[in-house]
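The values are calculated or read from the model by the stated rules, or taken from the named source; none is laboratory data. Predicted model, so just to flag it, every value in this text is computed and none were measured. Here the Cβ is made from the backbone with ideal geometry for all residues, glycine too, and neighbour counts use every protein chain on show.
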Amino acid sequence: MRRPTRAAALLSLLVTVSTLFRFWGGTLVPSPWINPDEIIYGALGRSLYHDGTFRILGRPTEFISLVYPALVGGPLSLGNLERGYHLLKLIQALVMSLTAVPVYLWARSLGARGWAFVAAALAVAIPGLAYSGLIMTEVAFYPVVLLAAYALAAALERPTLGRQALLVLACAAAAMTRLQAFVLLPVLVTAVGIDLLLDRRRPRRILRLAPAAGALVLLAAAWAGWRLRNGGALSRVFGAYEPAGQIHYGAGRAARFVLYHFADLAFFTGIVPICAVLALLVAGNRADARLRAYLATTLALCLWFPLEVGVFASQHVGYLAERNMLPLAPVLFVGFAVWLARGAPRPRLVTAASAAAVLALVAALPLSKLARPEAFPDSFTLLPLIRLRKDSPGADAEVLLLAVCLALLLAFAFLPRRLLVLLPLVLVAAFGAVSVEATNRISFEADFLAGQTSGPVHRWIDERTAGPVAYLYIGEPNWPAAWQSFFWNRRVAHVYDLLTARIPGGLPQDSVGPLEDGRLVLVDGSPAQGDYVVSQYPVAFRGRVIGSAGEGFQLWRLNPPFRISVWIQRVAGHVRVLAYACRPSRLRLEVVGTPGSPIDLRRNDRPYRRVVVPDSSTWSGSIPAAPPRPVGTRLCTFDVYTETTTTVPVVMLTRP
């Protein structure tokens, strides 16, 4: 049996270390953090695994991805969901870390040799690999797009039918991972054009790629035909992203965001690699078909991805969508390794021009708008700047960023060749440090979210119930709790929203409203379903509380039919209490405010009493109910009007 070569052993070690490190980071994340994206992908994976369809709560959804749900469905369908969730993180850490293998092989095929390990190490060091701890399509998109790029370069170099078939398969897999990858079709056309410009000998050679181009066009046409088979707008080809094809994109805003994303491409890949690729473009051997194919592929990718992502982000993200461009990083790292292996050529004019262009792009980034905490889920590399702006408001983040970029560019331009090894070492160290910081931040935020929704016991609903559970949303700000409850608890079978409240994110839900006797009914008059219900205080039901979790969430065992008993509504200066199927009772109150401030009490929408806050700053009292006839079937209302600075900490309906 042949012993593995030293290169294979080192590469295996790199993948293993990366997998273990990323898995460790993933174990720090107790629950899905990016809501509702993570839970949607997880639910689609479970649906695909169980019955081969894409459904959430039994209802069909628009197409989002095929490859990624197929990856996550198995682990998340295990009987022990907690164990399956952690197993998935191990699998995902391995999937993203395995990107090092094609990166190494690609760089080595271009003559990088030992430097190929530099490209592989950089590919697994970037902060974006922290997505391996989340249920996000970036996990599969990162290696699959890289494989498509590698296949494109191979087909450009020598367009055999076998290589073209691999190219078509890789592009199709990328598109079925995320529809964003349909951009690979114009990438192919552009790469062919760039390759022809770099070497104008034998221009007819581009015709040898016709089978691959034709197959990709046919696949795109087949997809469009399937999506439009029942008619509808052309935007239906975007699947779940159909709204992206219906909105108007302002030219000025779109152009700015495209510019920002070109700058972000240079930033999150470490500034130097993109300059190295531009240097290779000028100083590289144009007769080297393999290098020429790599350059054509890289330039085409770096043109179309920021263009596509920038336009999309201008309306649908509002910040830098770094995660949508992650696969470009390993492609650029391959060029960086090749540049180092070929003696690090630095033509003066190109070096100066590329450095000036990169510096100008970075200087154009409005960090006051882009480096905000809300941008972190989409751009992990921005975290140091986000924290700097938050923790040190007086610090000038723009100046600091420009100083770091300038230092890297000066090192790229003037560092002696024998010291150039410091550049990848600095990048690996910087990427590693930001990765650790990003992992810790994700862990902190996910832990905080879990504490607000389910607490330490994620499956607290399933553990206490023996039948179908309904979730009732009343409009509380903590809407991710609905998604979290659905993800962790398989007995949650129905999601209802009360009157006009709506849970963001597309969770299948039905609107219900209460009758005067408290029965909850749908728009068509049919009753709400469920043996149990989960909701957040201040709603109470006919039944008994059998569990609680998070910030005020209660699990009720219902006394059928499904009925609400009390609903307490609060806005500044006004508390309204609705008592359904009202019987003789009293509403007990405690009001805290400025002495002398007025308190107006109303019962059944009529004035009941007017009092003032006493010198002790606390008023306690009650309002007796006046149940309409027939008693026990109608609605009672209570209203407490105060100044907006006054609080009403105690509101309790008690029976005599």
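Key figures
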| read-out | value |
| --- | --- |
| Subset of segment 478-506 (residues that are under 21 Å from Pro538 (Cα atoms) and of a type in the set (D, E, K, R)) | Asp497, Arg502 |
| Lone qualifier among Ser535, Ser565, Ser485 - being polar (S, T, N, Q) and more than 26 Å from Thr654 (Cβ to Cβ) | Ser485 |
| Long-range neighbours under 8 Å by Cβ, at least six apart or interchain, first residue among the acidic types (Asp, Glu) within segment 296-311, second assigned to a helix (DSSP H, G or I) | Glu308/Gln180; Glu308/Val183 |
| Criterion (loosely packed, with under 13 Cβ neighbours inside 10 Å and either outside the structural domain of Leu110 (by TED's automatic domain parsing) or part of a helix (DSSP H, G or I) (or both)) met by exactly one of Leu409, Leu349, Leu388 | Leu349 |
| Set Glu82, Glu138: member being surrounded by fewer than 17 Cβ atoms within 10 Å (Cβ to Cβ) and either more than 28 Å from Ala344 (Cβ to Cβ) or β-branched (Val, Ile, Thr) (or both) | Glu82 |
| Selection within segment 537-553 - buried (at least 19 other Cβ atoms within 10 Å of the Cβ) and in a strand (DSSP E or B) | Val539, Ala540, Phe541, Ala549, Phe553 |
| Filter result for the condition that a residue is hydrophobic (A, V, I, L, M, F, W, C), part of a helix (DSSP H, G or I) and either at pLDDT 95 or above or at positive phi (or both), over Leu423, Leu400 | Leu423 |
| Residue in segment 203-225 that is in a loop (DSSP other than H, G, I, E, B) and either assigned by TED's automatic domain parsing to the domain that holds Val124 or more than 24 Å from the chain's Cα centre (by Cα) (or both) present | no |
| Matching option when the condition is within 23 Å of Val434 (Cα to Cα), surrounded by fewer than 24 Cβ atoms within 10 Å (Cβ to Cβ) and touching a Ser or Thr at 6+ places or on another chain (Cβ under 7 Å), among Leu90, Leu94 | Leu94 |
| Qualifying strands (runs of 3 or more DSSP E) (wholly inside segment 581-656; at least 3 residues being within 48 Å of the chain's Cα centre (by Cα)) | 586-592, 598-603, 618-624, 636-641, 647-654 |
| Candidates Ser435, Ser511, Ser485, Ser443, filtered to the one that is in contact with a strand residue (DSSP E or B) (Cβ under 8 Å, 6 or more places away or on another chain) and either part of a helix (DSSP H, G or I) or on the phi > 0 side of the Ramachandran plot (or both) | Ser485 |
| Residue among Leu522, Leu499 that is modelled with pLDDT of 95 or more and among the aliphatic types (A, V, I, L, M) | Leu522 |
| Criterion: touching a residue at least 24 places away in the same chain (Cβ under 8 Å), in a helix (DSSP H, G or I) and of a type in the set (Lys, Arg) - qualifying residue of Arg83, Arg22 | Arg22 |
| Subset tally (residues that are of a type in the set (A, V, I, L, M, F, W, C) and within 30 Å of Gly343 (Cα to Cα)) for segment 232-283 | 18 |
| Residue among Val428, Val469 that is in contact with a Ser or Thr (Cβ under 9 Å, 6 or more places away or on another chain) and surrounded by 13 or more Cβ atoms within 10 Å (Cβ to Cβ) | Val469 |
| Filter pass, Ile568 being in contact (Cβ under 8 Å) with a residue 12 or more places away in the chain, closer than 30 Å to Pro614 by Cα and surrounded by 17 or more Cβ atoms within 10 Å (Cβ to Cβ) | yes |
| Within segment 240-267, tally of residues that are within 30 Å of Val404 (Cβ to Cβ) and not in a helix (DSSP H, G or I) | 0 |
| Meets criteria (more than 23 Å from Tyr294 (Cβ to Cβ) and modelled with pLDDT of 95 or more) for Glu138 | yes |
| Pairs with Cβ under 9 Å, 6+ apart, first in segment 29-49 and in contact (Cβ under 8 Å) with a residue 60 or more places away in the chain and outside the structural domain of Phe376 (by TED's automatic domain parsing), second part of a loop (DSSP other than H, G, I, E, B) and not acidic (Asp, Glu) | none |
| Selection count where residues are polar (S, T, N, Q) and in a helix (DSSP H, G or I), scope segment 29-77 | 1 |
| Residues that are among the polar types (S, T, N, Q), buried (at least 19 other Cβ atoms within 10 Å of the Cβ) and farther than 18 Å from Leu81 by Cα, drawn from segment 444-463 | none |
| Pair list, Cβ under 9 Å, 6 or more apart: segment 578-594 residue in contact (Cβ under 8 Å) with a residue 60 or more places away in the chain, other residue acidic (Asp, Glu) | Tyr580/Glu516; Tyr580/Asp517; Ala581/Glu516; Ala581/Asp517 |
